[in-house]
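The block underneath contains the structure these notes are about, expressed in structure tokens.
The values are calculated or read from the model by the stated rules, or taken from the named source; none is laboratory data. This one's a predicted model, so the numbers in the text were calculated from it and none came from an experiment. Quick reminder, even Gly has a Cβ in these numbers, built from the backbone with ideal geometry, and neighbours come from all protein chains shown.
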Amino acid sequence: MERVILHVDGDGFFAGCEVAKNPTLRGKPVIVGRERGMALAMTYEAKACGVKRGMTLAEVRRICPDAILLDADHESYALFSERMNNIIARYTSHLERYSIDESFADITTMNISLKMSHEDIAMKIKTILKQELGMTFSIGIAPTKVLAKLGSKYKKPDGLTIIKSNTINDFLRKTPIENIWGIGPQTSEFLKESSVTTAYDFAQKSEHWVTAMLAKPYQDIWYELRGTNALPLNTDKRAPYQSLMRTRTFAPPTSTQRFLLAELSRHTEVVCARAREHGLAGKTFSFFLKTQGLQFRGIELKLSQSTNTPEELIELAGKHLQYIHEEDILYRATGVTLGTLTNAGEIQRNLFDTTLRVERLEKIHHEVDLLNTKFGEPLIHLASSMHVQKIRKTNFISRDERFLARLHIPIIGTIG
Ligand SMILES: [Mg+2]
């Protein structure tokens, strides 16, 4: 049976929460991210002034003199997120909390039990979210997750877009390849080299081509774009971002420790940047090597305190790589996971010298984040990641860690 998947997405969620908390802000250009020195989220009034994510506050003030700048309040956003999911859960228990303001819900059979059409169920969820939370959400309805996500983006804010199996191609033709969920800049460049510029072009490629040319996550996207479910809902009740992961396959396979460590270093940087972006820090750090024979060799480290700065983690990876690395084995991928994530504000600092070091690093990373966000692509890397920059092969890079977070990696040892 064809599935009916909803994707619910908060419109300018952090800013929406601020307006919901303080209704005198309604109708005003509100921007969240003052404490980070940049725009993290904004109301549509601010977007209308030209404010974009990642802009520095100086730029924001210049183009939008009436801007109301606020610190992010992640605790209250988490509460709003919880309320959002509780509302969706009234209509279906088949729910995936994908991120703080995005959830997938499977309502395939709910039309029968609720005696309502799928469209009416979606409309009802949207109306109640607006009434009870005081902010708007956009919803996509489609047979697969990737298509539902396309739908929620299609009309924003306060949109409801339905993609049925007989209208899939109309939507795919209008979607540039880089706008597909899970397809990052490197992969879209690679696809463009094969004359794939829209989601439609991609969906038209043969199964044989897709299997031969692309890694598993992209094959899944290809199926989903064609209306075939390849990504089941992850209905695990845990909070989103339990862990952040990044991996990359490279060619040719290698055993060179220096290269592998540079790869791990780069992944660690990216994962830490992502954690900082979401105000999170991790208490466990794991990394793996994947052999040419597709075996995973991994190690998980419990950290003495939560962190979201890469230096110490890279040092740890350097120290422990020898436990999983063998000279005479060729490796074709590496990956890292920052796990047991909690709010960065809750980081316990018990040693005075550690505190100093961590805070100094946080200051540097704050600056680096600003620059990298400003230019869209990461410009600044740790020296330990530089080796990989030079030898980068543009082979199937996974930019969306969340896709891969469910990948099962056998851990061969734990070092406390
Ligand atoms: Mg959103």
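A few comments on the model shown:
- Residue-level check: of (1) more than 22 Å from the chain's Cα centre (by Cα); (2) surrounded by 15 or more Cβ atoms within 10 Å (Cβ to Cβ); (3) touching a residue at least 24 places away in the same chain (Cβ under 8 Å), I163 misses just (3).
- Exactly one residue out of R34, R26, R83 is outside the structural domain of I141 (by TED's automatic domain parsing) and out of contact with any strand residue (DSSP E or B) (no Cβ under 7 Å at 6 or more places or on another chain): that is R26.
- The residue list V8, V4, V32 contains one member that is crowded, with 23+ Cβ neighbours inside 10 Å and more than 15 Å from the ligand (Cβ to nearest atom), which is V4.
- All positions within segment 11-29 that are within 16 Å of the ligand (Cβ to nearest atom) and more than 26 Å from L150 (Cα to Cα): E18, V19, A20
- Residue within segment 54-66 that is more than 19 Å from the chain's Cα centre (by Cα), closer than 24 Å to K155 by Cβ and surrounded by fewer than 21 Cβ atoms within 10 Å (Cβ to Cβ) present: no
- 1 or more residues over 30 Å from E277 (Cβ atoms) and away from the ligand (no atom under 16 Å from the Cβ): qualifying strands (runs of 3 or more DSSP E) within segment 99-182: 160-162
- Tally of residues being within 19 Å of the chain's Cα centre (by Cα) and of a type outside the set (S, T, N, Q) across segment 130-153: 11
- L40 fulfils the conditions (1) within 14 Å of the ligand (Cβ to nearest atom); (2) within 27 Å of A89 (Cα to Cα) except for a single criterion, (2).
- Tabulated pairs, segment 335-349, first more than 20 Å from R297 (Cα to Cα) and in a strand (DSSP E or B), second among the aromatic types (F, W, Y) and modelled with pLDDT under 70, C-beta under 9 angstrom, 6+ apart or interchain: L341/Y241
- Test: residue in segment 321-331 that is modelled with pLDDT of 85 or more, buried (at least 18 other Cβ atoms within 10 Å of the Cβ), over 17 Å from R248 (Cβ atoms) and among the hydroxyl-bearing types (S, T, Y): no
- Odd one out for L233, checked against (1) out of contact with any Phe, Trp or Tyr (no Cβ under 7 Å at 6 or more places or on another chain); (2) part of a loop (DSSP other than H, G, I, E, B): (1)
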